[in-house]
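A quick write-up on the structure given underneath.
We did not get these values from a lab; they are worked out from the coordinates using the rules stated. Every value quoted in this text rests on a predicted model; they were computed, and no experiment measured them. We place every Cβ from the backbone using ideal geometry, glycine too, and count neighbours over all the protein chains shown.
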Amino acid sequence: MKRNRIMATLAFAIGVAGIFIAAPARAQFGGGTQIVFDPQMFARQFEQLQEETATVTNLAQQLQYMIKNTTGGGAGVWQSNQNLLTNLGNLINEQEGLSYTVQGLSQQFQQLYPGYNTATTAGVQSPQASVETTLNTLNGALASAQAQAEDFQAEQAVLQNLELKNQTAVGRLQAIQVGNEIALAQVQQIQMLRQLVMATMNSQNVAAANQVNNQTQSNLEAQAFFSAPASPGTPDAFQTAPSPPQP
């Protein structure tokens, strides 16, 4: 619509300019020819031409602003880090620990720590295996944190690219796109933080479960020892010792 206004204004300006270019009007009086010149008319036409020229200039500037504000180019910086998040979650499992990413986590937890259910102890792992799994889980959590730290350099490059696009945005659309890219990067950082919290909670729970399991096993062994019947021929430790013979 604004473009049509510009074209109409330009056509009018060209028509006004044609008046100045056209030959002056001539009048005949008694067979002679006389040039008619009206200075006021030309002054009004010149003033009107200046106003129309200013209007065309303003409309051209508005059109340039519209082009800039509708020009994209600030998108595409953000990239999905789904593979990184998946790998971070699998690092604990790769270290042969008990990870939150494995299938059947609840069943493996019960088998690994029989103290979770004192009534069922068949088919569980040995205490040594439970200790090794706990240590592997802690090691996997450290490896996950280390992998996040190694990605800092790549994240810094992305932030520098976003800053450059923010400084060189030529229009409203590019500025909006840069803002959207920054918002996506923030959400991505929140996901990384959540993964780190999950890895920390994973390792803390496994370490606490191993401690509780060891205490439960010790209590069960003590109960079994004191409640076991005495073997035949074994003197009762709680019976009164026979009195020595009297002289």
**Prompt:** Taking the Cα-to-Cβ direction at GLN156 and at PHE42 and moving 7 Å from each Cα, how far apart do the two end points lie in nm?
**Reply:** 7.2
**Request:** Please report, in whole Å, how far the alpha carbons of the range 136-199 spread along each principal axis, starting with the longest.
**Result:** 53, 19, 7
**Message:** As an exercise, use a Förster radius of 35 Å and the Cβ-Cβ distance of ASN83 and ASN214 to find the FRET efficiency, rounded to the nearest 0.05.
**Reply:** 0.40
**Prompt:** So who's got an amide H within less than 5 Å of the one on LEU98, skipping anything under 5 residues away but keeping other chains? H placed 1.01 Å off N, in plane.
**Reply:** THR137
**Request:** Calculate, for GLN61 and VAL170, the FRET efficiency according to 1/(1 + (r/R0)^6) with r their C-beta to C-beta distance and R0 22 Å; round to the nearest 0.05.
**Result:** 0.90
**Complete:** FRET efficiency for GLN189 and THR53 from the Cβ-Cβ distance with R0 = 41 Å, rounded to 0.05, comes out at 0.15
**Item:** Relative packing of 174-181, 72-79, which averages over residues the other C-beta atoms within 10 Å, highest first
**Value:** 174-181, 72-79
**Fill in**
Taking only the Cα positions of the range 82-227, the convex hull volume per residue in Å³ is 103
**Request:** Go through 83-90, 150-157, 205-212 and give me the packing order, highest mean Cβ count within 10 Å leading.
**Result:** 205-212, 83-90, 150-157
**Complete:** Computed over the range 82-227, the relative contact order (Cα-Cα under 8 Å, seq sep at least six) in percent reads 33
**Request:** Return the sequence-ordered ³J(HN,Hα) values of the range 43-50 in whole Hz as given by the Karplus equation 6.51 cos²θ - 1.76 cosθ + 1.60 applied to θ = phi - 60°, using x for Gly and Pro.
**Result:** 5, 5, 5, 5, 5, 5, 5, 5
